[in-house]
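Trainee: Take a look at the following structure, please.
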Amino acid sequence: GQWTIVSGPSLSLAQFSSTTSGSAVFTPSGGAGMYTLRWTVSNSPCTDATDDVIITVNPVPTADAGTPQTICENGSAILSATFTNGVGIWSVISGPSLSGTQFADNSDAATTFTPSGGMGMYTLRWVVTSSGCPDATDDVVITVNGLPSGDAGINQAICGNASASLSASFVNGTPQWSVVSGPSLLSSQFSNTSSPTATFTPAGGAGTYILRWTVTNAPCAAFTDDVEII
């Protein structure tokens with residue numbers, strides 16, 4: 001028996017570990033493509049017997065899952081994966097929910113991911129497969145921030161020479177007091193503008209002060225609630 005190459009990216013016989021072994025190892029040196037190998041058996045004066053086999057060499061796949069994103073828990077992420085030489089598929093490998101239904105189309109590199117498990121960190125995996133080759137994989141992290149909310153507390157009436165002890169609350173974000181209307185808009189009227197239990201000491205004298213409690217947690221919309229201090 002004798003191996004030869006009748007067509008393909010490379011015709012070098014050095015690609016065979018042995019050209020006379022029926023169970024030789026063929027290692028392509030010409031890259032991806034279709035190689036037609038011929039096995040010829042000679043026994044003179046008989047006519048040679050030949051048979052061909054095709055070895056299809058697929059290119060090595062590549063995968064890039066895109067850049068990390070931060071979204072709000074009531075939003076979605078538009079993914080931006082790329083790949084070559086294969087077929088890609090998305091999965092969730094860690095996070096508050098591992099459901100594949102969170103992808104609009106788990107075979108679309110630019111699919112929409114809508115988290116169903118609430119806030120947290122979701123690690124998404126983009127796997128590209130090409131028959132005969134090891135899979136190419138890449139991960140991307142989608143951070144889901146919770147919707148901010150809170151309560152500015154109850155309206156109060158105080159004397160002009162006194163202070164008001166505020167009683168706000170909040171979840172999922174960073175809070176901040178401000179004065180939106182009143183005899184004075186100075187932020188220095190608060191003992192601490194980020195404390196839910198700050199003390200408010202009016203600097204503008206008697207009147208009605210509208211204090212705003214704002215909770216932010218980007219990219220979610222800010223939450224606001226007002227309280228009236230007379």
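Trainee: Do any cysteines in the chain lack another Cys Cβ under 4.7 Å, and if so which?
Mentor: Result for the chain is C46, C133, C159, no neighbouring Cys Cβ within the cutoff.
Trainee: Could you state, as a whole-number percent, how many of the C-alpha pairs of the chain are farther apart than 26 Å? Write out the running numbers ahead of the final one.
Mentor: Working: 16737 of 26335 pairs.
Counting pairs separated by more than 26 Å, the tail of P(r) holds 64 percent.
Trainee: To the nearest 20 debye, what charge dipole does the stretch 7-136 have about its Cα centre, counting +1 at the Cβ of each Lys and Arg and -1 at the Cβ of each Asp and Glu? Let's see the in-between values first.
Mentor: Values: 2 positive and 8 negative charges, 33 e Å.
Dipole of the stretch 7-136, to the nearest 20 debye: 160 debye.
Trainee: Give me the accessible area of T208, 1.4 Å probe, in Å² rounded to the nearest 10.
Mentor: For T208, solvent-accessible area is about 60 Å².
Trainee: In whole Å, what are the Cα extents of the stretch 9-55 along the three principal axes, biggest one first?
Mentor: Projected onto the principal axes, the Cα atoms of the stretch 9-55 cover 38, 18, 16 Å.
Trainee: Something else now. Of the residues V41, V128, V60, which exhibits the maximal mean-square fluctuation in a Gaussian network model of the chain defined by a 10 Å Cα contact cut-off?
Mentor: Sorting by GNM fluctuation, first place goes to V41.
Trainee: Among S91, C72, N172, which residue has its Cα positioned farthest towards the positive end of the charge dipole of the stretch 44-182, with +1 placed on the Cβ of Lys and Arg, -1 on the Cβ of Asp and Glu, and the dipole taken about the Cα centre?
Mentor: Result: N172.
Trainee: Tell me the label-point distance for the pair N161, S12, using the 7 Å Cα-to-Cβ offset, in nm and rounded to one decimal.
Mentor: Each label point lies 7 Å from its Cα, and together they span 9.9 nm.
Trainee: Ignoring ligands, DNA and RNA, what accessible area per residue does the chain give at 1.4 Å, in Å²?
Mentor: Working: 11880 Å² over 230 residues.
Here the per-residue accessible area is 52 Å².
Trainee: Give me the dipole magnitude in Debye, nearest 20, for the stretch 72-175 about the Cα centre, with unit charges on the beta carbon: positive for Lys and Arg, negative for Asp and Glu.
Mentor: On the way: 1 positive and 7 negative charges, 41 e Å.
Dipole magnitude for the stretch 72-175 comes out near 200 debye.
Trainee: If the chain between D48 and T82 were fully stretched, how many nm would it gain, using 0.36 nm times the residue separation less the Cα-Cα distance? Don't jump to the answer; show the numbers that get you there.
Mentor: On the way: separation 34, 0.36 × 34 = 12.24 nm, distance 4.98 nm.
Full extension of this stretch gives 7.3 nm more.
Trainee: Assuming R0 = 41 Å, can you tell me the calculated FRET efficiency for the pair T199 and S116, based on Cβ-Cβ distance, to the nearest 0.05? Please list the in-between numbers first.
Mentor: Working: r = 42 Å, r/R0 = 1.04.
With R0 = 41 Å, the Cβ-Cβ based efficiency is 0.45.
Trainee: Return the single residue from P202, P96, P183 with maximal mean-square fluctuation; model: Gaussian network over the chain, springs between Cα atoms under 10 Å.
Mentor: Sorting by GNM fluctuation, first place goes to P183.
Trainee: If you find the alpha carbon centre of the stretch 42-84 and of the stretch 184-221, how far apart are they in angstrom?
Mentor: Result: 59 Å between the Cα centres.
Trainee: Compare I89, I78, I154 in a GNM of the chain, Cα atoms joined below 10 Å, and give the one with the largest fluctuation.
Mentor: I154
The values are calculated or read from the model by the stated rules, or taken from the named source; none is laboratory data. Because the structure is predicted, anything quoted here is derived from the model rather than measured. All Cβ positions, even for glycine, are placed from backbone atoms using ideal geometry, and neighbour counts span all protein chains on display. Each accessible area value is taken on the protein alone, full model and side chains, heavy atoms only, with ligands, DNA and RNA left out. Shrake-Rupley method; radii C 1.70, N 1.55, O 1.52, S 1.80 Å.
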